[in-house]
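Read the structure below first, then the notes.
Rule-based calculations on the coordinates, nothing more; no lab input. Remember, it's a predicted structure, so these values are computed and weren't measured experimentally. Methodologically, a virtual Cβ is constructed for each residue, glycine included, from the backbone with ideal geometry; neighbour enumeration extends over all protein chains shown.
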Amino acid sequence: MATEESPQVTRRATRSYSASNTAIESTNLPESYKPTINDLGFRQQPLRLEDLLSSFPGRRSQILELLRLLGPLNSPMFPILVYGGPSTGKTSVTLQVFRHLNRPFIYSSCITCYSPRILFESILNQLLFHRKDSGHSYSSVKRCERPSDFVNYLREALENVLTNLKGNSGKVSSKMSGRPDGTMVYLVFDNLERIRDWDKSSTILPFLFNLNDILKMPEVGLIFISNTSPDTYYLNIGYVEPIPLYFPDYTEGDLRHIFMANQTNSRLYASFLDVVLRPFCRVTRQVDELAAAFSSLFKKYSEPLSDKEVAPNEEMKRRLFSHIRPHIASALNETFQVRSQPLLKAETNEETKKTNSSRMLGIREDFDKIDFHMSTSAKYLLISAFLASRNPATLDASLFDSTGVSDSRKRKRKASEKSMDQKEMAEQELLMKGPGTFPLERLLAIFQCITSLAEDSLDEEESHELTVEGGSRGLMSDVLLQLSSLCNANFIIKGGSCPLEGSTRYRTAVSEDLALKVARSLKFPLSKYLYRR
Amino acid sequence: MGREKEKEKPSEKALNLLRSRLSDPNFIFRPLSDSPDSNYSKLKFIISTSVTEACNNSILLLGPRGSGKVAVLELVLSDLLQQYPEAISVIRLNGLLHSDDNCALKEIARQLCMEHQLLFSKVASFDDNSQFMIAMLRECGLAHKTIIFVLDEFDFFAQGKQRLLYSLLDAMQSVNSQAVVIGVSCRLDVDQLLEKRVRSRFSHRKLLFLSPSKEDTERFMEHILSLPMDSSLPHNYAAEFNGRLKKILSDERFKELIDTYLSFNFTIGHLVRFLFQAVSYMDLNAGFLSLGNFKTALSSNQRQLKLESIRDCSVLELYMMVCMKRLEVKEQTSYNFYSVMTEYKSIHDSFQTSDYYAANVCLRAFEHLLQCQLISFIDNKGHNQSVEFRPVKLLISSAELHQGLKSYQQCPAILLKLMDR
């Protein structure tokens, strides 16, 4: 992967990436690497308890409870369900606890394993020490689609692994040889809530929750990790619930500890957190969202300082606070926005040239620019789709007549109370119903009207120049291809078919802000065409 | 470098012992099955008479989940296998896995092949497998060998056309076969689900598994948690452990605790899970069980889940929920994101709150609420509408929301005022 210059973008290691043992040692393992039983445990240095507790601030009681429920070596356990909001540390705590205990485990996440077959095969691959490589054209060791086959294969594979482990436990102490401890195998199922959206969820969820009873092997421990609480799993048949372990969201004090870790200039960052932590916590308390918002804000905060290593005193803190204050409100409204690459690069280039005052203008300008590329015909198509969804079909004739834009100003009458009520009801209805659907022909008709208008204005400006290409031909080509790309990008949604005619209908999915931005980039007067009740 | 083997503390050994006991269904249900009129004895009698007298039989074991149906069955089967080693072969099917007829017959054929050391072919068709099964039944009948079919989660087999049940029961009607069909289910009315032709071939024997009486429960707890005196544990440690345990079990507060737990989850399976949790919380340094362990286990089972979810929300999400509550109070039955936003704006205009954020931030808060299942879409069919326009409903009552707001740290006073209106 090409190295990136912009310092803001750091690649967060995904969980399966850090859980897989291959990633830890070096960048690339040779293709012919054959996994062995040692791969069932973490292959890094084992972790002491104090290190484990200190690397997860605010999670002390949960870690201790998890350790107690897992129990001493070779002690059977009941299934556990670890649940809590997103980004509260459930997966990382579970994995690091297994690293501390140095016991063999199999990890599978229901995000990467998005169907039952992939889930079963991934578990079997790990248990049978099979790695997908180009030699077998990336196939799994066994084809397994149904739960009945899975149980049979799982039993066989587990017997093999357990005899292997039992044989090892009699030999040299495992701390020296890097082998995992004990004679039990633990299965960790992450992101369990995704299974609810699968087609086969009504058979797979009861199967997983009853897996302990079906297998009847005390040497297997089951741990489920879920983003939603246990009462969101409704099953008809009932089951003895797994033991719940709750991870509450972090408090503000814990968030402060988390963000203060690994900071080079801790006093400066502490004063920064004093300013921004409280207002941002009112919006969200998730660590990943706050981290993204804070990283860019911290750069702005430490701008006036020439020396980034200095510890600020009171007067400096006040200056920095007054510098950052106007930016906080706008940053709050952009909390969840992830800036795309070209815009970030443009910003870093522009900032070196602009002065302080125009930098404020620069921020406002960015709001008006769209930060992705679209061809001109795609932009016109998007605008036509927006108009088609927004305006009722009967208005098309008057808005788009051949003489150009008609003046749609009606005589303003004083609105009576009844009509105001009706207007309110109509507005509410519009809010509830959302954008309307339109057939393909209407979209193309509007598109042709708009683009012909655009060429007219283009021709007026450059009438002396002979445009060889002919604007209309350039814009009309491949319209259907553009339409399908817009559908795939979710700008236009393909709805159900009209019951009378049988043709498919489309619906726009962009907000008015985005449509206005696109229109502004084309210098198209969108507001004149919008129907306002 | 010599091996360093830590001397296992007696408390650790005791913990291991108790945990393995609690995870072993055989150990749990054997003492409960000692009396002559228990289900164990009845079941054993029925099966052993079918084996010795070479007749067919069918029986249903019914009871709530965790009452030990399969555990008692396994005890009976293991005893009978010891008694008549050559005369019994057991086929186990599970409704969760094998409710499809093809699957079930394949599994039956596979298990029969494994028992009798025959080669099993994975590509055999449905007809091949069923003919194989009928042939095996006849052969075993001629050899005076009983095949016992255990059908776990019987209600799943009673869905659909019940082909498997019919073919099994029909095959039993022929003179030569010797088979016992045992159905295990949590639904007490599962025999009503059977078709007429299946029901007529089914003998209506049912064994009900009910929860044991209070004295039995107490005796059971004492038996299962006491350390044995003659094991490798030091004698005085075990004696003191048992003494303290007796004191806890006779404590009034403990009895209240157990009553509270059992009023919600009254089967042995649930009780064992509770005891497992309590035992895991045992303090290894002190080495003895305490009443606090049981209290912690009870409180971890009595969570108020929606309240926890509300406490995990941020202030903006609380605002959105209060807006939805107000919309409901105004008799607007269906609302979507944009109607909630208009309500939010009107609150901001009338009260001048400091928490007014842009639409994209609120949309993210809205999606977070959807993820926690505090609100949900009204129907699942509207996939061709974006998230902002689909109608949603609140999944918590106003009382729960009120309670959640009160227990929320630093809840803005305005929200409480709005809820009180």
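Rg/Rh for segment B:213-303 stands at 0.96; both radii use Cα atoms, and Rh follows the Kirkwood definition. By how many degrees, 0 to 90 and rounded to 10, does the Cα axis of helix B:235-250 deviate from the longest principal axis of chain B? Tilt of helix B:235-250: around 60 degrees. With respect to chain B, whose longest principal axis is taken over its alpha-carbon atoms, helix B:315-329 is tilted by about 90°. Helical runs assigned H by DSSP (4 residues or longer) give the protein assembly as shown a calculated mean residue ellipticity at 222 nm of -16000 deg cm²/dmol, each run adding -39500 (n - 2.57) before division by the residue total.
Going down the table (A:Lys528/B:Lys417; A:Lys300/B:Lys417; A:Lys494/A:Lys528), which pairs top 32 Å between alpha carbons? Each step should come with its number before you reach the end.
Numbers: A:Lys528/B:Lys417 43 Å; A:Lys300/B:Lys417 38 Å; A:Lys494/A:Lys528 27 Å.
Too far apart for the 32 Å limit: A:Lys528/B:Lys417; A:Lys300/B:Lys417.
In plain terms, the bigger the Kirkwood radius, the slower the diffusion; for segment B:35-208, with that radius from Cα pairs, at 25 °C and 0.890 mPa s, Stokes-Einstein puts D at 150 µm²/s. Highest mobility in the GNM of chain B, judged by mean-square fluctuation with C-alpha springs under 10 Å and restricted to B:Lys325, B:Lys106, B:Lys196, is found for B:Lys325.
Using Cβ point charges alone (K and R +1, D and E -1), the dipole size of segment B:35-208 about the Cα centre works out to roughly 300 debye. Considering only Cα atoms, the convex hull volume of the protein assembly as shown works out to 261 Å³ per residue. Could you state, as a whole-number percent, how many of the C-alpha pairs of chain B are farther apart than 40 Å? Considering chain B, 48 percent of its Cα-Cα pairs are separated by more than 40 Å.
Helix B:10-22 axis versus longest C-alpha principal axis of chain B: approximately 80°, rounded to the nearest ten.
Estimated translational diffusion coefficient (Stokes-Einstein, Kirkwood radius over Cα pairs, 37 °C, 0.692 mPa s) of segment A:155-313: 159 µm² per second. Under 5 Å between amide hydrogens, built in the peptide plane, is the criterion, and for A:Ile243 it picks out A:Ile80, A:Leu81 among residues at least 5 positions away or on other chains. Averaged over the residues of peptide A:284-290, the number of Cβ atoms from other protein chains lying within 10 Å of each residue's Cβ is 3. Legend: distances between Cα atoms for B:Lys345/B:Lys393; A:Lys216/B:Lys306; B:Lys9/B:Lys69; B:Lys42/B:Lys247; pairs beyond 29 Å are A:Lys216/B:Lys306; B:Lys9/B:Lys69; B:Lys42/B:Lys247. Considering only B:Ala286, B:Ala171, B:Ala297, the mean-square fluctuation computed in a Gaussian network model of chain B, springs between alpha carbons under 10 angstrom, is largest for B:Ala286.
Restricting the chymotrypsin sites (Phe, Trp or Tyr not before Pro) of segment B:77-158 to loop positions (DSSP other than H, G, I, E, B) with no more than 15 neighbouring Cβ atoms within 10 Å leaves B:Phe120.
Springs between Cα atoms under 10 Å define the GNM used for chain B, and in it the highest mean-square fluctuation of B:Val70, B:Val329, B:Val190 occurs at B:Val329. Pairs of alpha carbons in segment B:307-420 separated by more than 20 Å make up 36% of all such pairs.
A straight line joining the Cα centroids of segment B:384-421 and segment B:252-295 runs 36 Å.
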